[in-house]
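Asker: Submitted below is the structure of interest, expressed as structure tokens.
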């Protein structure tokens, strides 16, 4: 058995070799401890040679089944190691008590010794089942003893019972072999029998309680996987898809062959068969931008039959499972995709016994990490794909920032299971060389063409435009013969057809203009032409609407972190340099965004996003640089966003402490200065900040507020973003300026100057910003902004208004940067615990030059610092 284990260890991949050797050592320990068991049995019972062969073969079969899933095999090896330490030292007793064995009662010893054999064989069978595909609906056969239960238990619970039985077995065995009082030996014998019988009785727990514990285990694993939101995109597709628009794809022969090939249990457990058919189970679907690939993916997922399973442990699971993921602007990380797939698999099979056994291993012993590593996630996916026939649909792989890294593990997953991948992308996706080396026809790629989707575009436009004509959008005397030829202008892009109908429904167009658009549709062929027409129409609007539309495009394109709907609503109302009035906020925000942008931006389920990624691509392209809404000059966009954030801090944030002041209570940790602390605020190229924190507002805080008190920023949804991100925007605006831009008047990259001057001259507003930064657990650091502003100052003529203002801003910013450094050095620990100290005399007393104002809690006003 050990030689067989050594063989597949030596043939393993080099990266897994050391881990497998560690497993081998633990299994060898068990083998050495248990091998003398059969020598003891042979003393008083004539056994068949096959007895030990069956036993070691069962163990080898279980280990071999898990050899390709090292993450789980390590946990099984830990179990064998634990068993080895729980067993009696059979070799010692065989050498020293052989005579006593021969004199002992044969029947009694045979009965008690056989329990251990049966327990371990059953344990190995359960492990083997967990690592392989079993017939659907066939439950494990339980015997009386270790796995005997009216109600099934997961593997960790069964293993715990096994350990308890081995402890009792060891006590009985050592008492039996020792020179003991016969009554004492009989007592141990009775205790062992009582324990074996008692396990059956303790299994009578209430089923609801059992199920509750199982669901907690599932929740624990899902939390460990740290999955992001992935379901929303699919639900949106189901709601938005035009009826029958994608059904044609389901009739394609290549898709049907991929889908309808049967999942065969024998092949699923045959490594050679899996390797030989690997390339046949990976299908690429490619089409140009705007084709409607994402809607097709939604139709595919629906066709493959995603169904929620009932969490009843005894019901037969569904035959196949479909899991999916959509890459997009806010979901571009390959790790997030695999975490989402693992989460779906865990949830879909939460009622399956083999899956529950796998989850039991995960919860029994992990690496100690709060979050699963990428390798851990792949291991979970690999095991669950081994257990269950699964379809996997991935859309938008070309939007993944590390597509090659995402594609790399897929062939290995297909070599160890019979899963099937359908991967949807644009034609320019770089498919790794490994996929192309399988055989001449591999990889299997479906190239979708204009002819494939033209009938659907024609049907959609005929139905939609005729309905609009009935509703009077084109006036009374509309020539409906204009409608049929429009589909030919789409060039196979469903996106173009959909966007055209949205444009024609815009309230900014008159009926005559809509008819003229249909008559001259040839000028709108292609997405770029249609986008340009829409943006030209938006540019004819009045000032406030145009300003808000521009800001919407800016925030969606270049925000440091996506703004939630409440923060964006606040940001769009801000006019830099002035306090924001209530009337400046958009009414009916969700509807207004679509109206102001002519549906180029949409709000769905509280998320604001571009209608399609090509909108952002066009706005940032050179073709759009002469339009008012252009985002081609990113430094100018960052300058505008910085000015909005700074203006909010100077004019709209509270000019007072953000929470009630708390008195200074020195602790052991705050006696020392923070010079030894590491906030790591200078490790980024953006203004000295570490990064934009992705955690909640209070994560990592030492002091915990009253859980019943509302967050301090509950009525200031934009405060977090403005406080933490204005230095980042300003740094990017100054770092990426086009050459020679400073000579242009008016200078668009200086939009932030007046707002920053206003903030720096208002010490109370500045102090409020500093307090907010500490409350968000990201202490402010402006050390990298000072040299950038110095460079700008050197390039602006000093006699100009901008030159004079930039000089005063640089001096004030340098003074503020020094004061912030002093805070970190002298009060880093205490400010982290109590940010309100920034307003109190404790800070004031040690601040050189009395930089920070103090707050009089009783009078509700500021004491001006003494000069």
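The values are calculated or read from the model by the stated rules, or taken from the named source; none is laboratory data. None of the values given here were measured: they were computed from a predicted structure. Cβ sites come from the backbone with ideal geometry, for glycine too, and all protein chains shown count toward neighbours.
Asker: Cβ contacts < 6 Å: first residue more than 19 Å from residue 487 (Cα to Cα), restricted to region 507-525; second residue surrounded by 11 or more Cβ atoms within 10 Å (Cβ to Cβ), any location; separation 6+ or different chain. Result?
Answerer: From residues that are more than 19 Å from residue 487 (Cα to Cα), the pairs are 508/537; 511/474; 511/475.
Asker: Looking at region 327-430, what helices (runs of 4 or more DSSP H) fall wholly within it and have at least 1 residues that are in contact with a strand residue (DSSP E or B) (Cβ under 9 Å, 6 or more places away or on another chain)? If you could, list the steps in order and put the result at the bottom.
Answerer: On the way: elements: 334-348, 353-364, 374-387, 403-407, 410-416.
It comes to 334-348, 374-387, 403-407, 410-416.
Asker: Now a separate question. Go through region 794-809 and report how many residues are crowded, with 18+ Cβ neighbours inside 10 Å and either under 13 Å from residue 756 (Cβ atoms) or not assigned by TED's automatic domain parsing to the domain that holds residue 770 (or both).
Answerer: Residues flagged as crowded, with 18+ Cβ neighbours inside 10 Å and either under 13 Å from residue 756 (Cβ atoms) or not assigned by TED's automatic domain parsing to the domain that holds residue 770 (or both) within region 794-809 amount to 3.
Asker: When residues of region 629-646 are filtered for being in contact (Cβ under 8 Å) with a residue 12 or more places away in the chain and outside any helix (DSSP H, G or I), how many remain?
Answerer: Final tally of qualifying residues: 4.
Asker: Now for a separate question. Looking only at region 461-487, which residues are within 24 Å of residue 287 (Cβ to Cβ) and free of Cβ contacts under 8 Å to residues at least 12 places away in the same chain?
Answerer: 463
Asker: Suppose the filter is assigned to a loop (DSSP other than H, G, I, E, B) and out of contact with any helix residue (DSSP H, G or I) (no Cβ under 8 Å at 6 or more places or on another chain); does residue 626 pass it?
Answerer: Taking the combined requirement at face value, the residue satisfies it.
Asker: Restrict the check to region 796-808 and report whether at least one residue is within 30 Å of residue 837 (Cα to Cα) and free of Cβ contacts under 8 Å to residues at least 60 places away in the same chain.
Answerer: Taking region 796-808 first, the residues within 30 Å of residue 837 (Cα to Cα) are 808.
Pick out the ones that are also free of Cβ contacts under 8 Å to residues at least 60 places away in the same chain and you get 808.
Yes.
Asker: Could you pull out the residue among 495, 535, 500, 530 that is over 25 Å from residue 449 (Cβ atoms), outside the structural domain of residue 291 (by TED's automatic domain parsing) and surrounded by 15 or more Cβ atoms within 10 Å (Cβ to Cβ)?
Answerer: That would be 535, the only listed residue that is over 25 Å from residue 449 (Cβ atoms), outside the structural domain of residue 291 (by TED's automatic domain parsing) and surrounded by 15 or more Cβ atoms within 10 Å (Cβ to Cβ).
Asker: To continue, here is another question. Tell me, which helices (runs of 4 or more DSSP H) wholly within region 1-118 include 1 or more residues that are modelled with pLDDT of 70 or more?
Answerer: The qualifying helices (runs of 4 or more DSSP H) are 2-10, 14-34, 36-44, 50-65, 70-86, 90-96.
Asker: Looking for something modelled with pLDDT under 95 and on the phi > 0 side of the Ramachandran plot - is there at least one such residue anywhere in region 609-619?
Answerer: No, there is no match, as no residue in region 609-619 is modelled with pLDDT under 95 and on the phi > 0 side of the Ramachandran plot.
Asker: Now a separate question. Which is over 31 Å from the mean Cα position of the chain (by Cα), assigned to a loop (DSSP other than H, G, I, E, B) and at pLDDT 90 or above, of 595, 660, 579? Break it down into steps so the answer makes sense when it comes.
Answerer: Values: 595 fails: assigned to a loop (DSSP other than H, G, I, E, B); 660 fails: at pLDDT 90 or above.
Answer to the selection: 579.
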